[in-house]
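The values are calculated or read from the model by the stated rules, or taken from the named source; none is laboratory data. For clarity, every value in this text was computed on a predicted model and none was experimentally measured. Glycine also receives a Cβ, built like all others from the backbone with ideal geometry; neighbour counts cover every protein chain displayed. Only protein heavy atoms, including side chains, enter the accessible area calculation; ligands, DNA and RNA are left aside. Shrake-Rupley method; radii C 1.70, N 1.55, O 1.52, S 1.80 Å.
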Amino acid sequence: MLKQQLNLKLSQKLSPQQIQLMKLIQLPTVAFEQRIKNELEENPALESGKESLEDDHFENEPMEDDHEVIETEFDVDDYLSDDEIPSYKLKANNYSKDDEENQIPYAAGISFTQYLRNQLSTMSLSENDYVIAEFLIGSVDGSGYIRRELIDIVDDLAFTQNIYTDEKNVLKVFKRVQDLDPSGVAARDLQECLSIQLKRRKSRESTDLALQIIDNAFDMFTKKHYKKLLNKFSIDEDQLKAAIDEIESLNPKPGASYSSNTKIVEHVTPDFTIRIKNGELELTLNSRNAPEMHVSHDYANMLNAYKESKEKTKKQKEAVLFIKQKLDSAKWFIDAIKQRQQTLYATMSTIMNYQKDYFLTGDEREIKPMILKDIAERIDMDISTVSRVANSKYVDTPYGTFLIKEFFSESMKNDKGEDVSTREIKKILEVIIEKEDKSKPHTDAKLAELLKDKGYPIARRTIAKYREQLDLPVARLRKEI
């Protein structure tokens, strides 16, 4: 049985099997199907569908040194047994298949990723840098940003790609990815996004001034401190207006504009479905995540034939070693798929039960504070494993289809001393701002007062943080005439 050993330091080398298992867990449904297709094409010892010979068995015993096997007397009995062989069916436990319901596609603007990959193929990069660049492209969000810390990217490259690098090299590849179109893509924040776009424009007075403002006085610009900008750059109002017009012509969300204009739309297929039956929650794993696969009997029979053969030449030994390696690989892949199923189901089932009140009602106020550690402890798995499930899997609920990570949030205390989800607080904050008088929008201090009146004593600086996370500007910038 495969064991998860995901809590490793970067200094430790991960085995190919550990890397492959983590990759399988992270893959969403459509990519997982493609991975299986590739494996079936590459390994003739692996077959899809139900096992036809119920009573045949194949057992995988560990071989000793592969090189010595060829040179010394080779005993097939070490790994072939006629009386103990599982059929390796992949029957999904604790859930039922529902092909028709789970194959409904959900539109998502992820074709942008392929658009970037196509451009990447024209660049001259080393093999490692190309993999890093592909990984960075995979981290670009719908707005065209990569909102991840460099160190996190370095860690994930080690875990998922088996590439051990440093922040300096990742930053170097970052700059290459930022050369792709549309201009401003792969920026880490708005300031960098605007700066990238300005640097690509033809140099002229207004453009050069705009770049100086973005690079050296971004805070003044965003707060509309125009007098300070006039003094800082020793310019007049006409020059400042020309520079601001230049900045306002830039695209703050290069990815979103591409996705909305393209007709090429890929789809997200939910990995799970949650339904309410007789007042109880019912979870099913998409049947496309539970393929039936088995080890090829033809290959097992080849080993039988070798076992019965009187003459064992070196060529025969080399051939049987090849067969054995393919059978080992097939068995491992089947076991890995089983573990993937178990991991996915256990993780989502625990999340569903943890957030039972929400899934029964659909009321976002019922979402409890929940962090990765809460789920990891309940299923006795590493936090990174839960993260891989939450960040790449979708669940179809009676209230819509959601990325699982959306159900995670930190907690705070209300005025009664109860833990409440920061997601709940953000929702209330969003509603307050939506309903405010736009001619006199609420300051952060006023928002803090209003939330306190509703039973949420939160500091003004925390309000500012939540407001920024909701991508809502300060009161001055929300004001309308």
| message | Counting heavy atoms of the protein chains only and a 1.4 Å probe, report the per residue accessible area for region 147-253 as a whole number of Å². | response | 55 Å²
| FRET E, pair Leu125, Asp236, Förster distance 45 Å, beta-carbon r, rounded to 0.05 | 0.45
| query | Hey, with R₀ at 41 Å, roughly what FRET efficiency would Leu321 and Leu403 work out to, going by the Cβ-Cβ distance, to 0.05? | reply | 0.35
| query | Ordering Ile274, Ile196 by how much accessible area each has at a 1.4 Å probe, largest first, what is the list? | reply | Ile196, Ile274
| Excluding ligands and nucleic acids, what accessible area in Å² is computed for Tyr130 using a 1.4 Å probe, to the nearest 10? | 70 Å²
| task | Any chance you could look up the accessible area of Val268 with a 1.4 Å probe, heavy atoms only, rounded to 10 Å²? | result | 20 Å²
| region 168-254 - percent of accessible surface contributed by carbon and sulfur, probe 1.4 Å | 49 percent
| request: May I ask you to derive the FRET efficiency for Asn353 and Leu40 from their Cβ-Cβ distance with R0 = 30 Å, giving the value to the nearest 0.05? | output: 0.30
| query | When the Cα centres of region 443-481 and region 197-251 are compared, how far apart do they sit, in Å? | reply | 28 Å
